[in-house]
Structures are given as structure tokens and as C-alpha cells.
1. Is the range 24-33 home to any residue that is surrounded by 21 or more Cβ atoms within 10 Å (Cβ to Cβ), within 29 Å of residue 372 (Cα to Cα) and among the β-branched types (Val, Ile, Thr)?
2. Under the condition of being within 16 Å of the ligand (Cβ to nearest atom) and part of a loop (DSSP other than H, G, I, E, B), which residue from the range 230-255 is least open to solvent (accessible area, probe 1.4 Å)?
3. Quick check on residue 207: is it part of a strand (DSSP E or B), within 16 Å of the ligand (Cβ to nearest atom) and not basic (Lys, Arg)?
4. Can you find a residue in the range 385-403 that is in contact with a His (Cβ under 6 Å, 6 or more places away or on another chain) and either in a strand (DSSP E or B) or under 15 Å from residue 331 (Cα atoms) (or both)?
5. Filter the range 256-265 down to the residues that are open to solvent by 20 Å² or more (accessible area, probe 1.4 Å) and part of a loop (DSSP other than H, G, I, E, B) and list them by number.
6. Filter the range 348-380 down to residues that are among the hydrophobic types (A, V, I, L, M, F, W, C) and touching a residue at least 40 places away in the same chain (Cβ under 8 Å) and give me whichever is farthest from residue 36 (Cα to Cα).
7. Take the range 149-168 and flag every residue that is charged (D, E, K, R) and farther than 15 Å from residue 92 by Cβ.
8. Just checking, how many residues over the range 60-78 are open to solvent by 10 Å² or more (accessible area, probe 1.4 Å) and within 14 Å of the ligand (Cβ to nearest atom)?
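The values are calculated or read from the model by the stated rules, or taken from the named source; none is laboratory data. Because the structure is a prediction, the values reported are computed rather than measured. In this analysis, Cβ positions are derived from the backbone assuming ideal geometry, glycine residues included, and neighbour counts consider all displayed protein chains. Ligands, DNA and RNA are excluded from the accessible area calculation, which covers all protein heavy atoms including side chains. Shrake-Rupley method; radii C 1.70, N 1.55, O 1.52, S 1.80 Å.
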Amino acid sequence: MTRDGHSNQPDVYTRLGVPTLINAKGPATRLGGGIMAPEVADAMREATQHCVDMATLQSHASDLIAGITGAEAGIVTAGAAAAVLAGTAACVAGMDPACMSRLPDVRGMKDEVVVVRSQRNFYDHAVRAVGVRLVEVGLADRYAGSGVRDAEPWEIADALSERTACVYYMAHPRSRPPLADVVRVAHAAGIPVLLDAAAQLPPAENLRHFLDLGADLVAFSGGKAIGGPQGSGILCGRRDLVASAALQTLDMDLYREQWAPGGSLFADLELDGLPPHGIGRTSKVGKEEVVGLLVALQRFADGGAAADRARAAMLCADLRAGLGPLLPDGASLSEAHPEEVHVDLRLIEGRARLGALDLMLALERGRPGIHADPTLVDEGVVRFATVCLAEGEPEVIAAQVGGLLRGG
Ligand SMILES: *Cc1c(COP(=O)(O)O)cnc(C)c1O
């Protein structure tokens, strides 16, 4: 089977001997993300055929990202996590080349980042990698079951000091306190707010929403809903901070006299000297990722988001239609919604032939391997997301699930 359009050639994974899988989890990095729109892939291929000055390319990227997000500036990074790292480095080092050069040694600099305790997550390694100490705030009583509260704005205000580089905020509909309140107390102390909004798209409106609420830097993943290269992301927000992040990410092996990037990102910047390679140089992006992300972002903002969603909803209907008739006693589907992009399969313990985790594992070990979303496995539910499926794959999933549950 090929997906590259050259039907009489085995595709590259076949040539490499690497089995492909059916991704019913959604755009997960672990599973190779999603499937790229042809115009994005074509743009990346075109990008390979010329060389460009990367600072100038990022500066033009900045204008395009600014136009779409409403930010002052933006750059393409090697993923949202890389954007969080570069954004933290910007908040710590500012425009000081000596500070940029010293990171992750933060002695003498603003070396603390304030975070609400319930927002701690594995991705905050990107913040800590800069050398700062996370200062955790609040008790998530609502999670412990012992109360109703989470961190309060006054607790955040209390934790801010002259050592605070920024407040790091994990954007999620459940995140507390609300972003607007956090922005208010941080800005009152003159401290920026850095937002991880990696997975908060769609809706496309969120490209502007968090910035409208006052976030100073926002990180988005390029390899999730935007549909860009798997190893891409966006850092957008205040121009001085984005420019600092860019300087700490670009390759800086050049004489001061050679530094003459075109475009607006670095225009009129006051620099005491040219920094060397910065802490973000380890997560570099190539021109192909920059170009691919920009084409994908434009497509996403121009209605691609809605088109992708409609396509996923159709695949969802296919999956539902395929699964429904094959389900034995003890297995049932979640109620249908017109715009759904996943189907939940509930298995009743003792009645279904397999439990949720066992079914998931059996599907993963099948041929082709089918990878479902494990989020609700604890509750006896296997979730099948359809955003990363290709035509025909819902039918394959239905047949495999039916076979496994019926003992076929
Ligand atoms: C996916 C994700 C990231 C990482 O995004 P990449 O683009 O893969 O680096 C960071 N934070 C959150 C909350 C995410 O969901």
C-alpha cells in the first residue's frame, strides 16, 4: 500500500522495512504525528531546492505569524516544547548577549519561574532546561477531593519577586486561575506570562485568543492540528522577547559585520554585541520546517481547520457504521454527535470478552497495528480518534475490533 502518489513504487517505509500503523489516537508525536496535506509537503520539497539566510527567513515568518495571530512577532521553532524553552530563555536573558551565552547558568539573572502547582506537567522540562527553578504555587484541593479551590491570583502575586523571569501557564480549558487573572497580577509586577498552548488548536480562534487576553509569549505545536511538519512549532508574542528567543535559537557563527537580516523582526534592535550560539541552538529548525509550517498555518487559518474537522467527522460516521453491527454483548458505543471526531467504545468487565486495556494492546499488536487513545482506559473505554485516519482505515479498525471481541 502506498500513500505517496507513486502507485507502482513501494513507499519509503516499505523500502526501509518499517511497518506503518493506523493512528486512531490523534496527532501524537510518539506515533509520527498525522498525515500532511499535499500542498504542505510540496512546499517543503520546494524549500529544499534553494538556500536562504535563516535569520531573514525567520523574520519574514514573523510577519506572517503576526498577521495570523495578532502578535507583534513570531518565529518557527522545532516544536512547542522548543518554543517554551526559547521563550523561557528570552524571559531570563532579555537582549543581553552575555546572559544568552551563560545559560543554563542563571547565577545573577532572574532565575525563577512561577507556575501553578496543578499545571505542572512533563513538558515543563523545557522550562527547567534553561536553568531556572520552578516556584510552585497553590494547592489543587479540587483534585485531591478535599475542597473546591486551586491556586488563587493573590498566591501568584505573592510568589513574584525581582528574581521572577516569567509566569509559566499551561493553557487548558480546566486551567486555574483563569489566564486573564494571571496576566493581571503578573503585569502589575512587570513580569511576562509564557503560555504553553501546544494542544489548544482547534479552534483556530485560539491563535489570537490567548494573546488577546494578554499573554506575552504563546507556544503552539506545528505538528498537531495545524498540520505542519511534525518537528515544528510557533513562538509568538512580544517582539523584544521573540527576537531574543530567535537570537538564542539561530545559528550565530558569523562576524558582527555579517549580521544583516532582512525583515522586521530584528529591525532597530539595540544589541551590545552579537551573542554566540544560544541554548536554543540544540533545537534548530531547517528551512524546510519553517516553510512547511508557514504554508500549513496559512492553510489552517484559511479554513483548513474546518475542512480537516469535517473530514474527520465523516470518517467518524464510517467508523460508527462499521463498528455498530459487529459489537457483541457487553460492548457499546458512545452516543453519536454530528460533529464528533472520535468514537468511544465501552466494554463492561465480565461481559465483554476483553477489557479496554487488553483490547487496546491486542489492536496495537495486530497487522496493521492500530493505536487507539488510552485516555479513558481506566474507565473501561477505548477511544478511537479519526483526525489522523486515512480513507478506508475506519473499516479496517471495525473489522479488527469485531474479530477480537467476538473471538474471531
Ligand atoms: C504536544 C504538547 C507539547 C509538545 O509539543 P511539540 O510540538 O511536540 O513540541 C507541549 N505541551 C503540551 C501541553 C502538549 O500537548
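1. So far as the range 24-33 goes, no, none of its residues is surrounded by 21 or more Cβ atoms within 10 Å (Cβ to Cβ), within 29 Å of residue 372 (Cα to Cα) and among the β-branched types (Val, Ile, Thr).
2. Taking the candidates together, the pick is 232.
3. Criteria not met by residue 207.
4. Yes, the range 385-403 has at least one match.
5. 259, 260, 261, 262, 263, 264
6. By that ranking, first place goes to 352.
7. 149, 150, 152, 155, 158
8. 1
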